[in-house]
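> Before I ask anything, let me first share the structure, which is written out below as structure tokens.
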Amino acid sequence: MLLLVLLPGTVIHQDKNRTPCKNIFFKKIRFSAISSILCSEPIMKGGGERFPCKKNTMKHRKTALIAAMLAAVGTTAIAPGSAFAAEKISRVSVDFKIEGYDEYGYPEIEAKVSPSAHYSCGTVDLESEYMDEDDEDDGKTKKAKTAAEENYVLEFSAEDGYAFYLTKKDQVKLNGAGAQYVKASRLDNGTTLRLVFQLTQLEDVCGPVDSAVWNSDGTASWTPAYNAVRYKLTLSRNGSSRIYYTGGTTYDFKPVMLKEGDYSLKVSPLSRSGYRAEYAEAGVFSVSKEMARSYEEQYAVETETRKLDDAADSGPGSVEVIRKNIGWKQDETGWWYQNEDGSYIQYDWTQLNGDWYFFGSDGYMVTDQVIRWGNDSYYMAADGKMAVNQAVPDGRKAGADGILTGKMSSEYMEQAVENGEAEEDYSNYGPGVAQKQKDAAKK
């Protein structure tokens, strides 16, 4: 790079009667290219010293001098604050608007800046898309993030003649969607500003259920809804309705259809925040007397009525109904759990005596297995309890919430591949959500 340093007040004279290089001062920089053009002898011998050129050599080098100076302009370093420095942009402001959500529940974000600003902005992307390939997968299991927990990236571009001189939080104004500053960095000599931020006021939405149908065996099934964590099932007969929940896309209603009649079903998808998308209706399922009798024999809850010890008379509140055959049950296949209304837990979590259990779509408790629920993994021990705050057989560690993090041991992975074992892939979002939605349903 060629750098011609002119001290303040110096002038390059082109008067024929004066020495062309008079009053030119050079700092102590080793640029032999220009010195050889200006003089037949080296002129770079000290900082700030003046070395006149020979007239007979400079007469024929005027054109070369101008050419050299023009060539140097393209590579000369211009110090900030000089006449040619870019104007500073010390603050930015941007407005965010959520225009909708994609099929995976992530927001479609519009970002706008003022038309009078000396910068523009691009589109909003996930920060993970900017990660280096080496950082994307280190073999370790990490807790999945929701759309509201993700970091987002927006890049600003300065107009010609302007540059960004900011990286601090108080220099960035974010408006809309609960946007919060994370960090900012200057790129391309300040002509680009990369902003990382979070959106804390996102709606956790889900897609609709496209269709639902009854099956001949008294079960119903439906198409999965994007980003749905559970499904609210409304079963109606003769104007009365009961509500059931599951995380799967099938449900066995035989235990609760113990009377003759026509049953209708409505399936509503739910997001983690409780957002309910468009439901689907499965139509009508007719239960005959014979079918109702058969269902009752298999699933009817046995009850016993007894008078309370402290009851004064036989009026309302003087007796209690005891359900005798509910709770844990076991057969040749495994353990399952029957609720007080006769239904059994299907494809869902439940908390019993402080421990979390998971039941598959067939209603049986999952044991000695890693399950994947949503984007996270959990280990269900041999007794069916979810592991917490401990290492699990595959080498990972279960946290207080049961979510597995860390790296699987190579020995376990090799054995799993050899045995054809894999994590059971369940949908939705873990035990905590199940409990919150159960509590909400009781209100």
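The values are calculated or read from the model by the stated rules, or taken from the named source; none is laboratory data. Only a predicted model underlies this, so the values are computations on that prediction, with no experimental measurement involved. Cβ placement follows ideal geometry from the backbone for every residue including glycine, while neighbour counts extend to all protein chains displayed. Protein only, heavy atoms only, side chains kept; ligands, DNA and RNA dropped before computing areas. Shrake-Rupley method; radii C 1.70, N 1.55, O 1.52, S 1.80 Å.
> In a Debye calculation with equal point scatterers on the alpha-carbon sites of the range 327-407 and no solvent, what is log10 I(q)/I(0) at q = 0.14, 0.18, 0.21 Å⁻¹?
Relative scattering, expressed as log10 I(q)/I(0), comes to -0.46, -0.72, -0.93.
> In the calculated pair distance distribution of the range 214-282, what percentage of Cα-Cα distances lie above 18 Å?
For the range 214-282, the share of Cα pairs beyond 18 Å comes to 34 percent.
> Round to the nearest 0.05 the FRET efficiency obtained for S273 and L187 when R0 = 35 Å and r is the Cβ-Cβ distance.
Plugging the Cβ-Cβ distance into 1/(1 + (r/R0)^6) gives 0.45.
> Determine Rg/Rh for the range 355-396; Rg is computed over alpha-carbon atoms and Rh is the Kirkwood hydrodynamic estimate from the same atoms.
0.94
> Over the range 203-275, give the accessible area per residue in Å² for a 1.4 Å probe, as an integer.
Value for the range 203-275: 41 Å² per residue.
> Which length gain, in nm to one decimal place, applies between A391 and D210 when the Cα-Cα distance is subtracted from 0.36 nm times their residue separation?
Answer, rounded to one decimal: 61.1 nm.
> Once the convex hull of the C-alpha atoms of the range 146-285 is built, how many Å³ does it hold per residue, rounded to a whole number?
Taking only Cα atoms, the range 146-285 has a hull volume of 135 Å³ per residue.
> Also, I was wondering about something else. Apply the Karplus curve 6.51 cos²θ - 1.76 cosθ + 1.60, θ = phi - 60°, to the phi angles in the range 214-227 and return the couplings in whole Hz, x for Gly and Pro.
8, 9, 5, 8, x, 9, 10, 9, 8, 7, x, 9, 4, 6
> Listed here are the pairs K97/K183; K173/K232; K232/K324; K97/K168; K97/K169; which of them are more than 31 Å apart at the Cα?
K173/K232
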